[in-house]
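K.L.:
I am attaching a structure below and will ask some questions about it afterwards.
The values are calculated or read from the model by the stated rules, or taken from the named source; none is laboratory data. Just so you know, these numbers come straight off a predicted model, no measurement behind them. Neighbour counts run over all protein chains shown; Cβ positions are idealised from the backbone, glycine included. Areas reflect the complete protein model, heavy atoms only, side chains present, ligands, DNA and RNA absent. Shrake-Rupley method; radii C 1.70, N 1.55, O 1.52, S 1.80 Å.
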Amino acid sequence: MALLQIAEPGQSAAPHEHKLAVGIDLGTTNSLVATVQSGEARTLTDLAGNAMLPSVVQYQADSIVVGEQAAAAATQDPANTLISVKRFLGKTQAEIENSYGQLPYEFCEHDGSLAISTVAGAISPVTASSEILKTLKQRAEDSFAGQDIMGAVITVPAYFDDAQRQSTKDAAELAGIKVLRLLNEPTAAAVAYGLDSGQEGIIAVYDLGGGTFDISILRLHQGVFEVLATGGDSSLGGDDFDSLLVDYFKKQTGVSELSASVLRLFINKAKACKEALSQYQTVNVGLEFDGQSHKVEVTRETFDELALSLVKKTLRSCRRAVKDAGIENEEVLQVVMVGGSTRMPIVRSQVAAFFDKEPLTSIDPDRVVALGAALQADVLVGNKPDSDMLLLDVLPLSLGLETMGGLVEKIIPRNTTIPVARAQEFTTFKDGQTAMSLHVLQGERELVDDCRSLAKFSLKGIPAMAAGAAHIRVTFKVDADGLLSVSAMEKSTGVQAEIQVKPSFGLSDDQVANMLKESMTNAKGDMQARMLKEQQVEALRVVEALEASLATDSALLDEQELGALKAEIAKLVAVRESATTPTEIKAAIEAVDNASSEFAARRMDASIKKALQGQSVDEV
Amino acid sequence: MRYFELFAIPVDYNIDLATINKHYLELQRAVHPDRHASSSSRDKLLAVQSAAEINDALQTLKHPVKRAEYMLSELGVDIRAEQQTLQDPLFLMQQMELREELEELENAADPDAAIAQFEAQIKQLDKQYSSELAAQLASSDEQQWQAAADNIRKLKFVYKLREELERIEDSLFDD
């Protein structure tokens, strides 16, 4: 029989109330937000019923437009309309120009990082991404009558390095979203299909989107999704299939030179024709322009013939990825299809033939990543206390330090399960050397120039000693999101110097604060209100988490300790109601944090002991 | 020995990998930061630290050389950062011969058979040093520990040979 719960005054009456958590697929072409409701994951739509938000941001002098409307403005206002900014995250101008050639943007530097000049000023890829995230956050809040979002799982490509992951997280922070976890896109897709609790083995995730193609080979072993290999083509997607049909239309109508508006018409018709061909064997396309009227018949057979070379191109990437993973095609247990372009029958049949396996297609390929992220968000926010889902990720690329001669010394090799902390000792090179500069790199190659530079910093104040006498301990820490922090310390003389760095591409906390301020300069009151709101949500989170812990583990504290902690919690609850500034709440949260530190440590120890209870040494 | 206690397994150089893997997952289920995603920042920090330590413990326990070095360091003999080289002319001579043999593998009349035969030799050495290690590390005699240190140094040579062999196998297989 269920017992009624009676809460103490000032305490939350329903600690197990359903919390709103979302999964966000921040895509190159389109972005989506999803959540779990009544045990089922579903994507959230805008007022017009669209789930997909085009990842386009248009900056105007006094306003910002995101989504469909911005995408429509792209041709008229290319310089101020930022498309596919995901490709720019964590990159330098040189890298972008190298990969994408001529772009309609004017790049500049802002606060030491890359930005694009617009009529609204210098906009960084992080800021533009945060606008997309804000729009999705708003959509989620509107869908649930203004209920606050307690956290989000945001997906990133498996090959994203530290700088790109850090930028994604910064964008979320800027949008006022608490990131529960950054999750690899292919892992999210596998989770949506429930593969995390099924058989163990190799999973291939084939992701053909609007403008990019990714293939990931994962190994699922004891709940750990290990990324064995990734590959693909950053400029191959559904758009390329459309232009094949545009060329076909031109040939059939005998029109070779198209004006911009007729070209747009052809592209739209091509897209519609391609989509219809996924259902029908024959599609009749009417093309009316410049007083002319044409009818073109396209059969699926014709389209398949046109498309085959592009599909074969993706299969070449698959072959390479399979080889890189060190496996054989037959070892692949499941193939997961992601991205709208995988609806094309020719893609499905070719992929099935290549892996000799029917691919998984039952979940909408446009939504599968967001749905998987929502499932994990639901677990992480605490809505499913009994779930034993555990997604362990590995470091996608090795981390290391520059040593003599421009070589890289690897500190943490790729595919190490994260979180992880590793330390390595270095020594001084010259007599009396008092400083040492450290260069943090990520990548698999031996030479510094071939790896990505993440950060440079120097450790000063080393006591003067003979060469080789100092012991400098450099510690790399990678958290569960794959984000790195590095510290260095001289320890031989007991004189300790320590420095913390953030990757140079990521934003410092000050920078994030500044950007927040900048975006709010016109509305100081707004910002104060928003920060107050955020602290209120944070306070609620802290109180609920602690109450849940106390409900199960209060026995770990004696009466006096319990009383003291409860008093601090009660204070925080009161301050949360009465506070008019965010600082008041922040101070009260810190007080609770301090009062609960011993409790937290005891609980962690207890849970470690409990995890292996009944499996003591004698039993083994 | 903290890592052994953490994984609730007996302190013994011979380990049961299946048990370790099973206990690893149960430990991560208890401490992983994802389990504390909505907790306070202090709880999360603790979780990251604990999860990192468990990951480190797993890497150490799983790898035969790392496991032996760890056990030895817990006994007070830390050879993990040493620059010292092995003083055993007989062993070094044998290693040189093995290296020469390894380099000839690619030119062997039947590379597959030659590789298999070489692999068997390495396995034999691995087995010999490992079984000696188990007894030495279980002993309470300090002299045995020094002998264990030498055995670990030898095992490192053996593992290097094995890596080289894998590399050669890969390059033969690629063509």
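K.L.:
Within the stretch A:201-308, considering only strands (runs of 3 or more DSSP E) that don't extend past its boundaries, which have at least 2 residues that are within 30 Å of A:MET389 (Cα to Cα)?
P.N.:
A:201-208, A:213-221, A:224-233
K.L.:
Mind counting the residues in the stretch A:434-450 that are open to solvent by 30 Å² or more (accessible area, probe 1.4 Å), of a type in the set (A, V, I, L, M, F, W, C) and in contact with a Ser or Thr (Cβ under 9 Å, 6 or more places away or on another chain)? Before you say what the answer is, go through the steps one by one.
P.N.:
Taking the stretch A:434-450 as the starting set, the residues that turn out to be open to solvent by 30 Å² or more (accessible area, probe 1.4 Å) are A:434-435, A:437, A:444-447, A:449-450.
Next cut, of a type in the set (A, V, I, L, M, F, W, C) only: A:435, A:447.
After this cut, where a residue has to be in contact with a Ser or Thr (Cβ under 9 Å, 6 or more places away or on another chain) as well, the list is A:435.
The total comes to 1.
K.L.:
Quick one: A:LYS477 ticks every box in (1) open to solvent by less than 40 Å² (accessible area, probe 1.4 Å); (2) closer than 25 Å to A:VAL179 by Cα; (3) not polar (S, T, N, Q) except a single one, so which number is it?
P.N.:
So the condition that A:LYS477 fails would be (1).
Okay, residues lined up against (1) of a type in the set (Phe, Trp, Tyr); (2) within 30 Å of A:ASP481 (Cβ to Cβ):
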position	(1), (2)
B:ARG2	no, yes
B:PHE7	yes, yes
B:ASP12	no, no
B:LEU17	no, yes
B:ILE20	no, yes
B:LEU25	no, yes
B:ALA30	no, yes
B:ARG35	no, yes
B:SER40	no, yes
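K.L.:
Looking at the stretch B:38-50, is at least one residue of a type in the set (Gly, Ala, Ser), without any contact (Cβ under 8 Å) to a residue 12 or more places away in the chain and exposed (fewer than 15 other Cβ atoms within 10 Å of the Cβ)?
P.N.:
Yes, there is a match, as at least one residue in the stretch B:38-50 is of a type in the set (Gly, Ala, Ser), without any contact (Cβ under 8 Å) to a residue 12 or more places away in the chain and exposed (fewer than 15 other Cβ atoms within 10 Å of the Cβ).
K.L.:
Go through (1) open to solvent by less than 30 Å² (accessible area, probe 1.4 Å); (2) within 14 Å of another protein chain (Cβ to nearest Cβ); (3) free of Cβ contacts under 8 Å to residues at least 40 places away in the same chain for B:LEU61 and report which single condition fails.
P.N.:
(3)
K.L.:
Taking A:GLN164 as meeting all but one of (1) within 27 Å of A:ILE123 (Cα to Cα); (2) outside any helix (DSSP H, G or I), write down the number of the exception.
P.N.:
With (1) within 27 Å of A:ILE123 (Cα to Cα); (2) outside any helix (DSSP H, G or I) applied to A:GLN164, the lone miss is (2).
K.L.:
Now for a different question. Out of the residues in the stretch B:11-55 that are in a helix (DSSP H, G or I), under 21 Å from the mean Cα position of the chain (by Cα) and β-branched (Val, Ile, Thr), state the one that is farthest from B:LEU75 (Cα to Cα).
P.N.:
Per the criteria, the residue is B:THR19.
K.L.:
Follow-up. Scan the stretch A:314-333 and give yes if some residue there is within 30 Å of A:HIS221 (Cβ to Cβ) and assigned to a strand (DSSP E or B), otherwise no.
P.N.:
yes
K.L.:
If I go through the stretch A:375-398 residue by residue, how many of them are away from chain B (no Cβ under 14 Å) and open to solvent by less than 10 Å² (accessible area, probe 1.4 Å)?
P.N.:
Here the count works out to 1.
K.L.:
Can you give me the number of residues within the stretch B:92-116 that are open to solvent by less than 20 Å² (accessible area, probe 1.4 Å) and more than 20 Å from the chain's Cα centre (by Cα)?
P.N.:
Number of matching residues: 4.
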